[in-house]
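The values are calculated or read from the model by the stated rules, or taken from the named source; none is laboratory data. As the structure is a prediction and not an experimental result, all values here were calculated from the model. All Cβ positions, glycine included, derive from the backbone under ideal geometry; neighbour counts span all protein chains shown. Heads up: the accessible areas ignore ligands, DNA and RNA and are worked out on the full protein's heavy atoms, side chains in. Shrake-Rupley method; radii C 1.70, N 1.55, O 1.52, S 1.80 Å.
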Amino acid sequence: MSDALEIANVKARYCAASDKTPTDAAAALEGFRGVFTPDVIGDYGFRVFNGFDELTGFMTTAVAGNSEWMMHMLHTPCIVVDGDRATGDWTVMSQMKRREGGQVDSVLGRYSDEFVRTADGWKICRVGFERLA
């Protein structure tokens, strides 16, 4: 399997874990363990989260706590591999149904991530997200 395909699959597993956060936080955490480095940095445009525990704590409580369900849809990947490091950019549309009122919200944005090859395969070492709408 090519490095780019492995990296795309890591990002897909990130999305699957994110989508589990409202309904199964334990499964989401297990999924995140498979895709993040322990020292991962998450920059979602309003705050920077440092390390696995800080980032996943936010994702499994604040984000998931307000939603009944979530669904991430990635588009137009651009993956650049340079030895044991790589970057990946995606356009994303995420939808979530809010617990209060049942409103379905859509978020459009771009991910700009960094990856590192580890003994366990490619992992995300930095998540960058820019919300466009």
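Surface exposure of region 1-54, expressed per residue as accessible area with a 1.4 Å probe, stands at 50 Å². Dipole check for region 66-122: with +1 at the C-beta of Lys and Arg, -1 at the C-beta of Asp and Glu, and the Cα centre as origin, the magnitude is about 220 Debye. Give me the lysines in straight-line cross-link reach of residue 11: C-alpha distance below 20 Å, same-chain residues under 8 apart excluded. Correct list for residue 11: 20, 123.
Net length available on complete extension from residue 73 to residue 43 is 8.9 nm, with 0.36 nm assigned per residue and the Cα-Cα distance removed. Carbon-plus-sulfur accessible fraction, region 11-133 (probe radius 1.4 Å, protein heavy atoms only): 52%. Normalised per residue, the accessible area of region 83-133 is 53 Å², obtained with a 1.4 Å probe and no contribution from ligands, DNA or RNA. Per residue, the average separation of C-alpha pairs within less than 8 Å and at least 6 apart gives the chain a relative contact order of 25 percent.
What angle, in degrees between 0 and 90 and rounded to the nearest 10, separates the Cα long axis of helix 3-20 from the longest principal axis of the Cα atoms of the chain? Result, in degrees: 20. Measuring r between the beta carbons of residue 62 and residue 2 and using R0 = 35 Å, the FRET efficiency lands at 0.45. The dipole here belongs to the chain: it is taken about the Cα centre, uses +1 on the Cβ of Lys and Arg and -1 on the Cβ of Asp and Glu, and is about 280 debye.
Taking the chain as a Gaussian network, Cα atoms linked when under 10 Å apart, which of 19, 120, 89 shows the biggest mean-square fluctuation? The residue with the greatest mean-square fluctuation here is 120.
For region 62-90, the residues whose backbone nitrogen is under 18 Å from a point 7 Å from the Cα of residue 106, taken along Cα to Cβ, are 69-76. Positive end of the dipole of region 32-97 (Cβ unit charges, origin at the Cα centre): among 37, 83, 55, the Cα lying farthest that way belongs to 55. For region 1-79, the dipole from Cβ point charges (+1 on Lys and Arg, -1 on Asp and Glu) about the Cα centre works out to 100 debye, to the nearest 20.
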